Amino acid sequence: MEPPFYPAGVKMDGDVVSYIVLAIPVFFLLIGIELIAVRIAGRNDYRLADSVNDLSCGIVQQLLEVFLKTALFAGYAFVFERLRLATIPSSSALAWVACFVGVDFFYYWFHRMGHEVNAIWATHVVHHQSEDFNLAVALRQGAFQGSMSWVFYLPLAWVGFPPAMFLTIVSINTLYQFWIHTQLIGRLGPLEWVLNTPSNHRVHHGRNPKYIDRNHGGTLIVWDRLFGTYQAEEEAPVYGITTPLASWNPVWANLHYWVELFEMARRTRQWADKLRVFMKPPGWHPDALGGFQQPPEVDVATYRKWGSDTPRALALYAFVQFTLALGAASFLLFRQESLSRWALALGTGLILASLVVIGSLLENKRWAIPAEGGRLLAIAAFILSRFAG
């Protein structure tokens, strides 16, 4: 599930209908249902720390998108207003179907390039870091992915699809991809040939070499079949990235691959290779640094997911604090149009700091308890300042 470059909001008469934000309660309801179902089935598809980290990454993405959405949407609006060839009527059912197909087609190419170009993969890798696969993983999103994806959709603006139509279809494409992040649904017969299904998408999240860079479709899987990137699910995938993140810090999750790329570029002597570091696919290294590194095979018998040995009481405390942070983030998202930019920025900063500290508690880091004390003092000061004001 990849988010649109602009929160799924369509401006109408000054109001913003944010389909993704409005769907958040439904997402959590379905996550709760799946959690109960996997427990009844005796499965271990959810781990507390991993799920908290998944949702923390989603919160970071949604909060930062509040500040980036206008700038990112400006490109589509500019092309539509100044360069469009025609104006496609939104009253036509055929136009909506054509927009749906167009969005899914360009989504495929953005998503594929997100796995084949390092600079784009750096914004998308967040979605693949979890070693679990469940509905919570669907909400694990890269905060900077929108800065790359918007360019791919500009042909739709040039042809003349109105922004409101485009944003609505992008929202549908995004919402569809939520349900396919589950291990509870098997293969769906003939639908596997046309639609992106849970089985097809499990392949996409696999780190097994045969599954890497396969099944990039959003709603439709036909593009993968047409362009040679389709792979059917055979053995059960091992999920995650080839080098596990080994952290519950959602900010580091968004930055770690950039750090790796810039470090590789620093160690590379040739300027052409410094540029190639960002344009080549993951695994590419200059010859002087060992050349291309193939993804390693996974031994299912010896493979163990990364985790942290967190005391039960500390994990419970971290979960409670995360729930409070989630509530605060939901308040900001639902009230973003009525809050000042200063209030949004300050609230976002406190929430991001909270998520980092909560992650450190789940990792049982030495500095976590002092950091938590400082966080609580900062929140208390913020609340007192609001009452004093």
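The values are calculated or read from the model by the stated rules, or taken from the named source; none is laboratory data. Quantities reported herein were computed from a predicted structural model and do not represent experimental measurements. Glycine gets a Cβ as well: all are built from the backbone with ideal geometry, and neighbour counts include every protein chain shown. Remember, those area values only see protein heavy atoms, side chains included, never the ligands or the DNA or RNA. Shrake-Rupley method; radii C 1.70, N 1.55, O 1.52, S 1.80 Å.
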Zone reached by a paramagnetic label modelled 7 Å from Phe387 Cα along Cα→Cβ, restricted to the stretch 329-355 with backbone N below 17 Å, covers none
Given a Förster radius of 51 Å and the C-beta distance between Ile369 and Leu195 as r, what FRET efficiency does 1/(1 + (r/R0)^6) yield to the nearest 0.05?
0.60
Count the net charge of all other residues whose Cβ sits under 15 Å from the Cβ of Asn134, scoring Lys and Arg as +1 and Asp and Glu as -1.
0
Dipole of the chain (Lys/Arg Cβ +1, Asp/Glu Cβ -1, origin at the Cα centre): which of Phe292, Ala122, Leu22 lies farthest to the positive side?
Ala122
For the stretch 104-132 and the stretch 244-283, what is the separation of their Cα centres, given in Å?
15
Please find the FRET efficiency linking Ile40 to Glu297, where r is the Cβ-Cβ separation and R0 is fixed at 56 Å, and quote it to the nearest 0.05.
0.95
Testing the spin-label approximation: label points 7 Å from Cα along Cα→Cβ at Phe262 and Ala74. State their distance in nm.
2.4
Per-residue SASA entry for Phe144, accessible area with 1.4 Å probe, Å² rounded to 10
80
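Using a ≥ b ≥ c from the Cα gyration tensor of the chain (square roots of the eigenvalues), is it rounded, prolate or oblate, where a/c under 1.5 gives rounded and otherwise the larger of a/b and b/c decides, a/b for prolate?
Cα axes put the chain in the rounded bin.
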Assigned charges on the beta-carbon of Lys, Arg, Asp, Glu; the stretch 163-311 dipole about Cα centre (debye)
340
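Normalising by the residue count of the chain, find the relative contact order in percent from Cα pairs under 8 Å and 6+ residues apart.
It rounds to 19 percent for the chain.
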Listed by chain and number, the residues whose amide H is under 5 Å from that of Lys280, excluding neighbours fewer than 5 places away on the same chain and using placed H, are Asn118
Linear extension gain, Leu22 paired with Ala119, 0.36 nm per residue minus alpha-carbon span:
31.8 nm
Selection from Ala368, Ala318, Ser340, by position along the positive dipole direction of the stretch 265-389 (Cβ)
Ser340
How many percent of the accessible area of the chain is carbon or sulfur, using a 1.4 Å probe?
67
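Using only the Cα atoms of the stretch 121-268, build the gyration tensor, take square roots of its eigenvalues as a ≥ b ≥ c, and label the shape rounded, prolate or oblate: rounded if a/c is under 1.5, else prolate if a/b is larger than b/c, else oblate.
Oblate, since a/c reaches 1.5 and b/c is not below a/b.
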Given unit charges at Cβ for Lys, Arg (+) and Asp, Glu (-), the dipole magnitude of the stretch 245-389 about its Cα centre in debye, nearest 20, is 320
Holding the Cα-Cα limit at 29 Å, pick out from Lys69/Lys365; Lys210/Lys280; Lys305/Lys365 the pairs that are longer than that.
Lys69/Lys365
Computed E for Glu337/Met279 - FRET, C-beta separation, R0 35 angstrom, nearest 0.05:
0.35
Compute the accessible area per residue over the stretch 273-389, keeping the other protein chains in place, probe 1.4 Å, unit Å².
62
Span-like helices, the chain: DSSP H, alpha-carbon axial extent 18 Å or more, mean Kyte-Doolittle 1.0 or greater, which ones?
19-40, 163-176, 312-334, 341-362, 368-388
Amide H contacts under 5 Å for His285, restricted to residues at least 5 apart in sequence or on another chain and with H modeled in the peptide plane, are Gly291, Phe292, Gln293
Under-5 Å amide H pairs with Leu220, H placed in peptide plane, nonlocal only
Asn196
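Counting Lys +1, Arg +1, Asp -1, Glu -1, what net charge surrounds Gly307 among other residues with beta carbon under 12 Å of its beta carbon?
Net of charged neighbours comes to -2.
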Only helices counted: for the chain, with every DSSP H run of 4 or more residues adding -39500 (n - 2.57) and the sum spread over all residues, [θ] at 222 nm is -18500 deg cm²/dmol
What number, in percent, do you get for the relative contact order of the stretch 171-314 if the mean sequence gap of Cα pairs under 8 Å and at least 6 apart is divided by its residue count?
17
Dipole magnitude of the chain, debye to nearest 20 (Cβ charges: Lys/Arg +1, Asp/Glu -1, about Cα centre):
660
Extension gain from Val320 to Asp287, taking 0.36 nm per residue of separation minus the Cα-Cα distance
7.0 nm
Take the alpha-carbon centre of the stretch 172-204, take the same for the stretch 332-389, and report the distance between them in whole Å.
36
